Amino acid sequence: MTRMSRSQHLLRARSLRLLTAGGMALAASSAFSAQDEASQEPAGDASWRIEFSPFTHHYRFSEDHKDVWALGLEYQTPDRTLYGLTAFSNSFGQPSAYAYYGWVFNNVWARSESLYLKLTLGVIYGYKVPFEDKVFLNHNGFSPAIIPAVGWRLNKNWSVQTNFLGTAAIMLMVTRKIDP
């Protein structure tokens, strides 16, 4: 049996985490769907959501990459406009934040009311020396960002989504609606 290099070991560990996260999302989908069949939010309701990211997958391996976590709070207006703030540890272990404005698009597929698309525009803070060149147009740690996402509403309170982080990575996000 051959000995695995550090990069092969890290790639295998990240692949296992991706499979585990996907399995957890599927299991959660089944459990939540069984609990609550109402997958569509009522039109015109404003709502708050708390978001958590348990997993990020980078497209290219780098020895500099660290585990990424994210915790956010988002407000959705009745017209589906979004305002949010997310604190996260970036790919290089630096404390970071993303303040954004955006939109959510429901009923994007005729066969399912659960599928939604999301687009946010904002400012990221936190990519500093020596990693300031890892994000576009970074100036003193501040950089503009556009983050598209595809999500699946598990029920009226829970959803999972995939955020597309440019050419760097994808992030799995679990979201919980907070009832006032």
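The values are calculated or read from the model by the stated rules, or taken from the named source; none is laboratory data. Please read these numbers as outputs of a predicted model, since none were measured by experiment. Reconstructed Cβ throughout: ideal geometry from the backbone, glycine too, with neighbour counts over all protein chains shown. Heads up: the accessible areas ignore ligands, DNA and RNA and are worked out on the full protein's heavy atoms, side chains in. Shrake-Rupley method; radii C 1.70, N 1.55, O 1.52, S 1.80 Å.
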### Query
Are any of the residues in region 126-145 open to solvent by 20 Å² or more (accessible area, probe 1.4 Å), under 18 Å from Y59 (Cα atoms) and of a type in the set (F, W, Y)?
yes
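Please verify whether W152 is open to solvent by less than 90 Å² (accessible area, probe 1.4 Å) and touching a strand residue (DSSP E or B) at 6+ places or on another chain (Cβ under 8 Å), treating the condition exactly as stated. So that I can check it myself, show each step before the final result.
Numbers: open to solvent by less than 90 Å² (accessible area, probe 1.4 Å): no; touching a strand residue (DSSP E or B) at 6+ places or on another chain (Cβ under 8 Å): yes.
When the stated conditions are applied, W152 does not pass them.
Residue-wise test of (1) at pLDDT 95 or above; (2) out of contact with any Gly (no Cβ under 8 Å at 6 or more places or on another chain); (3) of a type in the set (S, T, N, Q).
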| position | (1), (2), (3) |
| --- | --- |
| V108 | no, yes, no |
| E113 | no, yes, no |
| L117 | yes, no, no |
| Y125 | yes, no, no |
| F131 | no, yes, no |
| S143 | yes, yes, yes |
| V150 | yes, yes, no |
| A168 | no, yes, no |
### Query
Somewhere in region 91-105, is a residue of a type outside the set (S, T, Y), in a strand (DSSP E or B) and either over 18 Å from P144 (Cα atoms) or modelled with pLDDT under 95 (or both)?
yes
### Query
Which of the residues that make up region 70-85 are hydroxyl-bearing (S, T, Y) and in a strand (DSSP E or B)?
Y75, T81, Y83
### Task
Report yes if T162 is surrounded by 13 or more Cβ atoms within 10 Å (Cβ to Cβ), over 17 Å from L73 (Cβ atoms) and of a type outside the set (D, E), otherwise no.
yes
### Message
Being within 23 Å of L117 (Cβ to Cβ), open to solvent by 30 Å² or more (accessible area, probe 1.4 Å) and outside any strand (DSSP E or B) is the filter here; which residues of region 53-69 pass it?
### Response
Y59
### Query
What is the number of the single condition among (1) within 20 Å of R49 (Cβ to Cβ); (2) under 17 Å from the mean Cα position of the chain (by Cα) that N155 does not meet?
(2)
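Check G72, G93, G122 and return the single one that is over 16 Å from F52 (Cα atoms) and buried (at least 16 other Cβ atoms within 10 Å of the Cβ).
On the way: G72 fails: over 16 Å from F52 (Cα atoms); G93 fails: buried (at least 16 other Cβ atoms within 10 Å of the Cβ).
Testing whether each residue is over 16 Å from F52 (Cα atoms) and buried (at least 16 other Cβ atoms within 10 Å of the Cβ) leaves just G122.
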### Task
Select from region 106-152 the residues that are in a loop (DSSP other than H, G, I, E, B) and within 21 Å of Q76 (Cα to Cα) and list them in ascending order.
N107, V108, E113, S114
